[in-house]
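The values are calculated or read from the model by the stated rules, or taken from the named source; none is laboratory data. Please read all numbers here as calculations on a predicted model, not as lab measurements. With ideal geometry, Cβ positions are generated from the backbone for all residues, glycine too; neighbour counts draw on all protein chains shown.
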Amino acid sequence: NAGVTQTPKFQVLKTGQSMTLQCAQDMNHEYMSWYRQDPGMGLRLIHYSVGAGITDQGEVPNGYNVSRSTTEDFPLRLLSAAPSQTSVYFCASSYDSYEQYFGPGTRLTVT
Amino acid sequence: GENVEQHPSTLSVQEGDSAVIKCTYSDSASNYFPWYKQELGKGPQLIIDIRSNVGEKKDQRIAVTLNKTAKHFSLHITETQPEDSAVYFCAAGKWKNYGQNFVFGPGTRLSVLP
């Protein structure tokens, strides 16, 4: 069981570039979420999904897109990166949306 | 919206002593309160949680208490060990549309000195 995996571990983007952060889980969890973590702040929910084809916005969704075509994968897309999106991004999965399992994170820098 | 405050922001204790971290939340509809431990360079890991119909929960050296009237909950770690050194986050969860949505506190950096 690999749990929750995220790629890449590190990424540097220029302003305006686009990219996709990958997240996969092998626990057959329906619930998956994306958070960002900024210094001195807790994790903030960006988007979440409750199964293939069903997504919803979290606290800070602007600038991010998601879709979910399979139970295993939940990619996060940045269409036009901005310096304000410099952060550490965590993906999490859960069987019932309560107990969450987090991935190791992706550290993103936008210059 | 929900706001979660967490104190203290940093905490240093001697090995073997107890550590207490406190959180307050604002939304009375919140009904699930997990605590996460995050070690350097890793993702958060759930260490204990409590639901709103329970006042206290214990798991070996870790316990959580909840006071719904006062809207605060606390993490208690007894007999601290150096490997307890990490950043601890509390969170308040509320059902929204399809599942639990969480608001996290800003974190407490715990250092256990040998």
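Among residues belonging to region A:54-74 that are charged (D, E, K, R) and farther than 21 Å from B:PHE102 by Cβ, point out the one that is nearest to the chain's Cα centre (by Cα).
Filtering first and then ranking leaves A:ASP73.
Across region A:50-70, which residue is farthest from the other protein chains (Cβ to nearest Cβ) among those that are touching a Gly at 6+ places or on another chain (Cβ under 8 Å) and not polar (S, T, N, Q)?
That would be A:ARG68.
Among all residue pairs at least 6 apart or on different chains, which show Cβ distances below 8 Å where the first residue, located in region A:30-43, is at the interface with another protein chain (Cβ under 10 Å from one of its Cβ atoms) and buried (at least 24 other Cβ atoms within 10 Å of the Cβ) and the second is part of a strand (DSSP E or B) and charged (D, E, K, R)?
That search, which allows pairs on different chains as well, returns A:TYR35/A:ARG44; A:LEU43/A:ARG36.
Restrict the check to region B:49-68 and report whether at least one residue is over 30 Å from A:THR55 (Cα atoms), touching a Gly at 6+ places or on another chain (Cβ under 7 Å) and either among the acidic types (Asp, Glu) or at pLDDT 95 or above (or both). Step through it out loud before you land on a result.
Quick first cut of region B:49-68, residues over 30 Å from A:THR55 (Cα atoms) only: B:54-68.
From what's left, touching a Gly at 6+ places or on another chain (Cβ under 7 Å): B:65-66.
With either among the acidic types (Asp, Glu) or at pLDDT 95 or above (or both) added as a condition, the list becomes B:65-66.
Scanning region B:49-68 turns up at least one residue that is over 30 Å from A:THR55 (Cα atoms), touching a Gly at 6+ places or on another chain (Cβ under 7 Å) and either among the acidic types (Asp, Glu) or at pLDDT 95 or above (or both).
Just give me the residues in region A:56-79 being of a type outside the set (A, V, I, L, M), assigned to a strand (DSSP E or B) and surrounded by 19 or more Cβ atoms within 10 Å (Cβ to Cβ), in sequence order. Quick ask: steps written out before the conclusion?
Here is the first cut: in region A:56-79, the residues of a type outside the set (A, V, I, L, M) are A:56-59, A:61-65, A:67-75, A:77.
So of that shortlist, the ones also assigned to a strand (DSSP E or B) come out as A:56-57, A:64-65, A:73, A:77.
Once the filter is applied, which keeps residues that are of a type outside the set (A, V, I, L, M), assigned to a strand (DSSP E or B) and surrounded by 19 or more Cβ atoms within 10 Å (Cβ to Cβ), region A:56-79 yields only A:TYR64.
Please count how many residues of region A:3-16 are in contact with a strand residue (DSSP E or B) (Cβ under 8 Å, 6 or more places away or on another chain) and not in a strand (DSSP E or B). Steps first, please.
Start the filter on region A:3-16 by keeping residues that are in contact with a strand residue (DSSP E or B) (Cβ under 8 Å, 6 or more places away or on another chain), which leaves A:3-15.
Narrowing further to those that are not in a strand (DSSP E or B): A:3, A:8-9, A:14-15.
Residues in region A:3-16 being in contact with a strand residue (DSSP E or B) (Cβ under 8 Å, 6 or more places away or on another chain) and not in a strand (DSSP E or B): 5 in total.
Of the residues B:THR78, B:THR65, B:THR69, which single one is more than 29 Å from A:GLU30 (Cα to Cα) and either within 14 Å of chain A (Cβ to nearest Cβ) or within 12 Å of the chain's Cα centre (by Cα) (or both)?
Of the residues listed, the single one that is more than 29 Å from A:GLU30 (Cα to Cα) and either within 14 Å of chain A (Cβ to nearest Cβ) or within 12 Å of the chain's Cα centre (by Cα) (or both) is B:THR65.
Considering only region A:72-84, I want to know if a residue exists there that is more than 14 Å from chain B (Cβ to nearest Cβ) and at positive phi.
Looking through region A:72-84, none of the residues is more than 14 Å from chain B (Cβ to nearest Cβ) and at positive phi.
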